[in-house]
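Q: Shown below is the structure under consideration.
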């Protein structure tokens, strides 16, 4: 298979990640507070909804990956799904943040929100899995993969940064100023913000996929079956290890983004949220430069370990600065440091998945690219679920629902609510990051000479397939 040889080709590919993360940023960062404070849905209900949706994702995501692996059209097997999935996800994103007229907290609104919540996950899967599955199809060169993943993650971070920084500003502008100097975010603000993100999602996906050309792909040996999916998980031990350490670290990261709306609403004041998000976005940009710099001096394994250590230091600084010292600038700078670590962490995880595809080909004889990369989207949603369960359980126990019912009237949150939110915001992320570091260091073996041997075997097999495809094409031309 070929490569995205020119740097501009890699950029065109990366642009597609902007739209995907505009949608995911709204879902992960803004949805929880919208549902509790605007729609007035119970945190206990949302606990059950997120758990049920993830059970379905456990079936839907690998099934979608297998469907993509078995897709064959004149436009390729990945690009049609990216565009179609983006279109569907854009429509669902709009309706997810749009109330057609149901009364707040009413039974029809609960049903409406639940259906849209599940549909968002399904349509996001339809676009996200084929997009990231393209990475290992472009090249077997570890350096090329790192560059490609870094560029894609840069655009991904930009998309999330736009949501993290821009949406609080827009929501404040379209909101209502309360007596305490903070803003109440309204239905209109959420809907218009979602519209902007939905348009961006579709636009960036179409631009990216219209400029990226798919190379020769490996046709699977058999059609979709749940048994095949089960076999991939059963036989690919490194995929199972990846799922564990990536799930832990992703849950740590998403706990910060998921809890920050509540943190700034109840604890710090939401006028400070835009600055906090800006520092996080700057840290994410710096983190993308961390990978290529460190790879010049050390291995990918040690680079990843250092990324997690940096994230740990940043989260520790957040707890010290924000909770003990009460320093806003210290909190923001610490979040910048944590974001450097998490941004470089995500880049490495994308490359690790590409390595796992190669490992699976050597061990099992099939590449199963999309089934393997289905884990990326599934892990994101599982990480979101973990942080949501922790967050909503804490809110429910602390009595947050009673205060949310009166949001917008200058409500002052009680000490138990603030304590619960601070514990989720400060303590949970570093705990998960630490556990992830331990699992990765002790269980993941795709590095060093062992990985080099796998890469050599996969490259040789790829060159054989290219030669066979060219010979077959030449034979058909001769017959014609």
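The values are calculated or read from the model by the stated rules, or taken from the named source; none is laboratory data. Since the structure is predicted, the reported quantities are computational estimates derived from the model, not experimental observations. Reconstructed Cβ throughout: ideal geometry from the backbone, glycine too, with neighbour counts over all protein chains shown.
Q: Only one of these is modelled with pLDDT of 90 or more and either outside any helix (DSSP H, G or I) or buried (at least 19 other Cβ atoms within 10 Å of the Cβ) (or both): 171, 192, 201, 239. Name it.
A: Details: 171 fails: modelled with pLDDT of 90 or more; 192 fails: either outside any helix (DSSP H, G or I) or buried (at least 19 other Cβ atoms within 10 Å of the Cβ) (or both); 239 fails: modelled with pLDDT of 90 or more.
After ruling out the rest, the residue left standing is 201.
Q: Now a separate question. Output yes when any residue across region 140-148 is at pLDDT below 80, touching a helix residue (DSSP H, G or I) at 6+ places or on another chain (Cβ under 9 Å), part of a helix (DSSP H, G or I) and over 21 Å from residue 461 (Cβ atoms), and no when none is.
A: yes
Q: Taking residue 397 and the conditions (1) modelled with pLDDT of 85 or more; (2) surrounded by fewer than 22 Cβ atoms within 10 Å (Cβ to Cβ); (3) not in a loop (DSSP other than H, G, I, E, B), which numbered condition does it fall short on, given that it satisfies the others?
A: Every listed condition holds for residue 397 apart from (1).
Q: Same structure again: Please determine whether any residue of region 38-48 is closer than 26 Å to residue 240 by Cα, in a loop (DSSP other than H, G, I, E, B) and in contact (Cβ under 8 Å) with a residue 12 or more places away in the chain.
A: No, region 38-48 contains no residue that is closer than 26 Å to residue 240 by Cα, in a loop (DSSP other than H, G, I, E, B) and in contact (Cβ under 8 Å) with a residue 12 or more places away in the chain.
Q: Can you tell me which residue among 76, 58, 2, 85 is at pLDDT below 90 and in a helix (DSSP H, G or I)?
A: Numbers: 76 fails: in a helix (DSSP H, G or I); 2 fails: in a helix (DSSP H, G or I); 85 fails: at pLDDT below 90.
Just a single option satisfies the conditions, and that option is 58.
Q: Checking residue 77 against (1) closer than 14 Å to residue 117 by Cα; (2) buried (at least 16 other Cβ atoms within 10 Å of the Cβ): exactly one of these is not met. Which one?
A: (1) is the only condition that residue 77 fails.
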